[in-house]
Structures are given as C-alpha cells and as structure tokens.
Amino acid sequence: MASTVSTSTTDVTNEAKTKAKYQPIALPTTEQMMMEDVMSNCFVKTAISGLMGGVAGLAFGLFSASLENAHGNLDGPLIGDAGKSTSQVLKEMALNMKNKSV
C-alpha cells in the first residue's frame, strides 16, 4: 500500500513538472507592440545611443580629471600645489573634464 502512495506522489510531481515546462505562447499586448515600433525607429536608436555615449564620455572625463588633480597635472611636470582650496580643485576638475570629454 505504501508503494501505491509513493507512485501516485511521483505521478503528481512529474505531472507538475511537465505543466511548468510547457507554457502557452502569449500574444504581445498593444503596449508591447507600440514599444517595439518605437524602438525600431532609427531616430530613437540614434538619440538613445548619443545620450548614452555622452553620459559615458562625461563619466570617463570626470574620472580622468579627478586623477589628474589628485597628483597634479599629468600632462606636464608634477608641481606640488598642496595649498589649493576645494573650490579651486573642483573648478580645475570641471575644466579638465570638459576638455577631455569634448
């Protein structure tokens, strides 16, 4: 009798696995179809990639400008300007970031 119970339990678990394995194909909703149409437009793709490239350029420019001000000017000889104020360093970082990302 115990073997009958274990067999039926095994059948139930196998049946549950096959039900979970095969899902019906759902048709896309109108919102999904509209979003697909918008994203297939070349102008939208160009705008998104330009925006993302600009953000990446600003991020790399900020990173390289922060490294440059941490140890002086990396393009020239090292000059010990330890007496700079925070606002001066931030202004230099902004100028260096602009120069390196444009």
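All of the numbers you see were taken from the coordinates with simple rules; none came from a lab. Since we're looking at a predicted model, the values are computed, not measured. No Cβ is skipped: glycine too gets one built from the backbone with ideal geometry, and neighbour counts run over all protein chains shown.
A few points about this structure:
- Net lengthening on full extension, residue 29/residue 44 (0.36 nm per residue, minus Cα-Cα): 3.3 nm
- If R0 is 22 Å, the Cβ-Cβ spacing of residue 56 and residue 89 corresponds to a FRET efficiency of close to 0.40.
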